[in-house]
Amino acid sequence: MLRDDVIEYSLDVHHSEEAGRKIRTKILKVTVLLTAITAIEVLLGVYIKQGTLLWPFVKWTFIALTLLKAGYIVLIFMHLGDERKSLKYIILVPYFLFMLYLIFIAFMEALAVGEAWATYGG
Amino acid sequence: MAGQATKEIDGATLWGGKVSPFSTSYGKLMMWFFLVSDAITFGGLLVAYGFVRQDAQDAWPIGEETFNSLPFLGHGYPLVYVALMTFILIVSSVTMVLAVEAGHRMDKKGVTKWMIATIIGGFFFVGSQAWEWYHFIHGSEFGKIELADGSQAIVSGHFGEIENFVVTEAGHHNKKGDVIKEDLMHTFQHAAVAGHIENGIIELHDGSKAKITKKADEHLTLIIKKAGKEFKLNERIKDSKAAKEYYEALYSGTANRVIYGANLEQNEYGPQQYGQFFFFITGFHGFHVFSGVMINIIILIGVILGTYHKRGHYEMVEKTGLYWHFVDLVWVFVFTFFYLV
């Protein structure tokens, strides 16, 4: 009997020798890049002190570099970049919306609580 | 990558039923959903950390001052160790992606090799974190000190070794003139916390009193973390003045002037919450790494037994790989928000 409750999909789990070589080159490139970014972050952290004029700039550089690293890990290493668009956005969009909202609300609240501490004391 | 994911399929077919609209297997999709929920957990923890830090009334610790030690080499290497840990985790992520790639070519030997490399990297990372925790809990040789004017300072520099205690007043065990050479640092720190050191004379457990013989400290610098009557926040006090202020406070004979290391109630690095968040977030991440290593080992056994080869594909390796990369991903954020910013 023909079943109509079985979902069909073909696994994206095989590739040729040649495709493999290309993928390995890509992996190597990303490795070098991630290592370089980490090295830059550490050097910035060691040589530019907190509280100096450059610090706010360095802080945002750290955050930007972190997001860049995260992007490479998720899109290349976790192969999310190779998945179908619908899957990619169903993972990324809700997460980003939620996190941006959480960050916004938490820092707004922190500012208010900080002000309360400053006004009324501990 | 050639496969369903990149193939053009018209919407009517994709969403018409009987076919996965995402062109992935059930297991892989569920792994992604799990990772999103786990990412929300870690995101929530880091946001909570940011909240508390934003609100903290005392100075928050600075990464390169707190984490500046290397195994066997001592202090003076800011951030080098965490950078090394980060590098180890990135490399083990790379070996994992190579294992997945080898799996796509049905190269059983390759998968085995790269899985073993990944597991070794994972163990290295967990070991490193254990060392880091040990160091964090144990603390520095100077600790955080409350100075005479009520300000609090952390100390950088090289602690001059304690050579011995010479007993000047007999107690239950020690006789006058005895020279004690064992367990010096431990005894010293305990007595300092309890306020049992006055003017260079230490009161030992058995009630005897002894004179401390200690080499001079080098490059002593006090960094003020909480302002007092005399010193301002972030002020640096150097050399002889630093030594005078530090030892006046340490040898004052009053209890709890100094904090060594960290626990859940207090730590020498900064506010109480800093220690709590350090333990919770790095601990929770470390637990993830540990579970990841265990899962990798289980999958490696499957690879060696040929389970996946017989199945015709190595998708299980890919799914574990997703988890392992996620652990690396979380560390990238922990590294930034705990150690750098």
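Read-outs throughout are calculated quantities, based only on the coordinates presented, and are distinct from any laboratory measurement. Because the structure is a prediction, the values reported are computed rather than measured. Neighbour counts are summed over all protein chains in view; Cβ atoms, including those assigned to glycine, are modelled from backbone coordinates with ideal geometry.
Within the range B:189-252, the ratio Rg/Rh, alpha carbon atoms throughout and Rh by Kirkwood, equals 1.04. Under 14 Å from a point 7 Å along the Cα-to-Cβ line of B:Gln54: which residues of the range A:101-120 have their amide N that close? It comes to A:101-117, nothing else.
Against the globular-protein guess of 2.2 N^0.38 Å, express the Cα radius of gyration of the range B:1-104 as a ratio, rounded to two decimals.
Values: Rg = 22.3 Å, N = 104, 2.2 N^0.38 = 12.8 Å.
So the range B:1-104 has a normalised radius of gyration of 1.73.
With 23 Å as the limit, write out which pairs from A:Lys26/B:Lys113; A:Lys26/A:Lys59; A:Lys69/B:Lys108; A:Lys69/B:Lys113 have Cα-Cα distances beyond it, or answer none. Cα-Cα > 23 Å for A:Lys26/A:Lys59; A:Lys69/B:Lys108; A:Lys69/B:Lys113; rest within. When the Gaussian network model of chain B links Cα atoms closer than 10 Å, the mean-square fluctuations of B:Gly150, B:Gly17, B:Gly139 top out at B:Gly17. Estimated from the Cβ-Cβ distance and a Förster radius of 56 angstrom, the FRET efficiency linking B:His205 and A:Ile103 is about 0.60. Under 14 Å from a label point set 7 Å out along the Cα-to-Cβ vector of A:Lys22, the amide N atoms of the range A:72-96 belong to A:82. Hey, in the GNM for chain A with a 10 angstrom Cα cutoff, which one of A:Glu109, A:Glu41, A:Glu18 fluctuates hardest? Between A:Glu109, A:Glu41, A:Glu18, it is A:Glu109 that shows the largest mean-square fluctuation. Qualifying chymotrypsin sites (Phe, Trp or Tyr not before Pro) in the range B:34-140, where qualification requires a DSSP coil assignment and no more than 16 other C-beta atoms within 10 Å, comprise B:Phe72.
Potential lengthening of the chain between B:Thr168 and B:Ser37 amounts to 40.8 nm, from the contour at 0.36 nm per residue minus the alpha-carbon distance. The translational diffusion coefficient of the range B:51-121, from Stokes-Einstein at 20 °C and 1.002 mPa s with a Kirkwood hydrodynamic radius over alpha carbon pairs, comes to 143 µm²/s. For a label point 7 Å from the Cα of A:Gln50 along Cα→C-beta, name the residues of the range B:37-67 whose backbone N is under 20 Å from it. Under 20 Å, as judged by backbone N against the label point of A:Gln50, lie B:45-67 of the range B:37-67. Multiplying the residue separation of B:Ile295 and B:His219 by 0.36 nm and removing their Cα-Cα distance gives an extension gain of 22.6 nm. Rounded to the nearest 10 degrees, the angle from helix A:17-47 to the longest Cα principal axis of chain A is 10 degrees. For B:Leu84, what charge total do you get from the other residues with a beta carbon under 15 Å from its beta carbon, if Lys and Arg give +1 and Asp and Glu give -1? Here the count lands on -4. Annotation for B:His158 and B:Ala12: the two label points, set 7 Å from Cα along the Cα-Cβ direction, are 8.1 nm apart. Listed by chain and number, the aspartates and glutamates placed with their C-alpha closer than 12 angstrom to that of B:Lys18 are A:Asp4, A:Asp5, A:Glu8; residues fewer than eight positions away on the same chain are left out. The base-10 log of I(q)/I(0) for chain B, evaluated at q = 0.12, 0.13, 0.15 Å⁻¹, reads -0.92, -1.00, -1.19 [Debye formula, identical scatterers on Cα atoms, solvent excluded].
Each label was represented as a point 7 Å from its Cα along the Cα-to-Cβ direction; for A:Val93 and A:Val32 these points are 3.7 nm apart. Tell me, which longest segment in chain B has none of the trypsin sites (Lys or Arg not before Pro) that fall in DSSP loops with at most 13 further Cβ atoms within 10 Å? Segment B:19-174 is the longest.
Any idea how far apart A:Phe57 and B:Thr254 come out in nm if each label point goes 7 Å out from Cα toward Cβ? The modelled label-to-label distance comes out at 4.5 nm. Taking chain A as a Gaussian network of alpha-carbon nodes connected by springs under 10 Å, the highest mean-square fluctuation of the residues A:Leu92, A:Leu102, A:Leu80 belongs to A:Leu102. Partners of B:Lys241 within straight-line reach, counting lysines whose Cα lies under 19 Å from its Cα and excluding those fewer than 8 residues away in the same chain: B:Lys144, B:Lys214, B:Lys215, B:Lys225, B:Lys226, B:Lys229, B:Lys232.
The calculated P(r) of the protein assembly as shown, using every Cα pair and 10 Å bins from 0, goes 4, 17, 24, 20, 15, 10, 6, 3, 1, 0 in percent. For B:Lys214, the amide hydrogen comes within under 5 Å of the amide hydrogens of B:Glu163, counting only partners 5 or more places away or on other chains and with H modelled in the peptide plane.
Among the complete DSSP H segments of chain B, which ones combine at least 20 Å of alpha-carbon extent along their axis with a mean Kyte-Doolittle hydropathy of -0.5 or more? Working shown, then result.
Details: long enough: B:26-55 (44 Å, 0.85); B:80-104 (36 Å, 1.85); B:108-138 (45 Å, 0.33); B:283-305 (33 Å, 1.97); B:315-334 (29 Å, 0.72).
Taking the DSSP H segments of chain B (at least 20 Å long, mean hydropathy at least -0.5), we get B:26-55, B:80-104, B:108-138, B:283-305, B:315-334.
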